[in-house]
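Here it is, the structure in full.
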Amino acid sequence: MEKETAASVAHGLVLVHTGDGKGKTTAALGLALRAWGDGLRVLVLQFIKSGGSYGECQGVAALAAADGRMELRSCGRGFTLRGKTPPEEHRLAAKEALQEARTAITSGQYDLIVLDEINYAVKFGLLRVDDVLSLLDVRPASLHLVLTGRDAAPEIIARADLVTEMRAIKHPYEKGIKAQRGIEF
């Protein structure tokens, strides 16, 4: 029997994509696609987004239909707290998503889990930093976990293995160009 080395033992990583620039979810979905392509089982849980006909939802649905190793669940009530949805509904949705995340993390069913916009959920007061840190505490050592969203809490950054900050330098919105299907959503 071949002796296991540190390099041969699966070591799950905690990755954070944060910052004020575009591309946090896109980078996480790119990583999810790579993982799926290499045979890993992937779950994307969206904490703020409420689903719909976004390209990412359709793309993941096609991959899921292919072999069932990729799944996306939109658990939120939408992007804004000042919309038609009362803040309490946003808080309840975030707490339900947190429980879904905990169940998925401890289930052993996935190799990579993306918690999309979970940093926003903390920023907006829908979840506490300690809620997110408790997910890191129960994460099996082999599970890769990606947390996205602006303004990641310093406590989350400290616990991550990799942190990438997307920085806005230039954006088409500044020229009055509206969000485009296939690019921004």
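Separation between the GLU184 and GLU155 pseudo-spin-labels, each 7 Å from Cα along Cα→Cβ, expressed in nm?
3.4
In degrees, nearest 10, range 0 to 90: what is the angle between the Cα axis of helix 24-37 and the longest Cα principal axis of the chain?
Rounded to the nearest ten degrees, it is 30.
For a label point 7 Å from the Cα of LEU13 along Cα→C-beta, name the residues of the stretch 114-151 whose backbone N is under 11 Å from it.
Correct set: 144-146.
Using only Cα atoms, tell me the angle between helix 129-138 and the longest principal axis of the chain; keep it within 0 to 90° and round to the nearest 10.
The angle comes out at about 20 degrees.
Looking at TYR54, GLN180, ILE157, which one has the Cα that reaches farthest to the positive end of the dipole of the chain (charges on Cβ: Lys, Arg +1; Asp, Glu -1)?
Of TYR54, GLN180, ILE157, it is GLN180.
Between LEU40 and VAL129, how high is the FRET efficiency from 1/(1 + (r/R0)^6) when r is the Cβ-Cβ distance and R₀ = 25 Å? Nearest 0.05.
0.35
Counting pairs on different chains as well as pairs 8 or more places apart, how many Lys pairs in the chain have Cα atoms under 16 Å apart?
Qualifying lysine pairs in the chain: 12.
Classify the stretch 14-166 as rounded, prolate or oblate from the Cα gyration tensor: take a ≥ b ≥ c as the square roots of its eigenvalues, call it rounded if a/c is under 1.5, otherwise prolate when a/b beats b/c and oblate if not.
Here the stretch 14-166 falls in the rounded category.
Residue-wise, which Karplus ³J(HN,Hα) couplings in Hz belong to the stretch 120-126, taking 6.51 cos²θ - 1.76 cosθ + 1.60, θ = phi - 60°, and x for glycine or proline?
5, 4, 6, 4, 7, x, 6
If one takes the longest principal axis of the Cα atoms in the chain, at what angle in degrees, from 0 to 90 and to the nearest 10, does the Cα axis of helix 87-107 lie?
Computed tilt is about 10 degrees.
For VAL44, what residues show an amide H to amide H distance below 5 Å, using hydrogens built from the backbone and excluding near sequence neighbours?
GLU71, LEU72, ARG73, VAL114
Here's another thing I want to ask about it. For a test of the definition: using alpha carbon positions, the gyration tensor, and the 1.5 limit on a/c, classify the stretch 57-119 as rounded, prolate or oblate.
Oblate, since a/c reaches 1.5 and b/c is not below a/b.
Work from the charge dipole of the stretch 14-166 (Cβ charges, +1 for Lys and Arg, -1 for Asp and Glu, about the Cα centre) and give the residue of HIS90, GLN109, TYR120 farthest towards its positive end.
Final value for the positive-end residue is HIS90.
Pull out a ≥ b ≥ c, the square roots of the eigenvalues of the alpha-carbon gyration tensor of the stretch 113-163, then state rounded if a/c is under 1.5, prolate if not and a/b is larger than b/c, and oblate in the remaining case. Intermediate results must be reported in sequence, preceding the final value.
Details: a/c = 1.64, a/b = 1.51, b/c = 1.08.
The shape class here is prolate.
Moving to a separate point now. Determine the gain in length on full extension of the stretch ASP20-HIS171; use 0.36 nm per residue of separation and subtract their C-alpha separation, reporting nm with one decimal.
Full-extension gain reported as 53.3 nm.
Quickly work out the LEU136-to-LYS84 label distance, labels modelled 7 Å from Cα along the C-beta direction, and quote it in nm with one decimal.
Rounded to a tenth, the inter-label distance reads 3.8 nm.
Let me ask something additional. Let me spell out the model: positive unit charges on the Cβ of Lys and Arg, negative unit charges on the Cβ of Asp and Glu, origin at the Cα centre of the chain. What dipole size does that give, in debye rounded to 20?
680
Every read-out reported here was derived from the displayed coordinates using simple, explicitly stated rules and does not represent laboratory data. A quick note: this is a predicted structure, and the numbers were derived from the prediction, not measured. Counting neighbours? That spans all protein chains shown, and the Cβs are built from the backbone with ideal geometry, glycine included.
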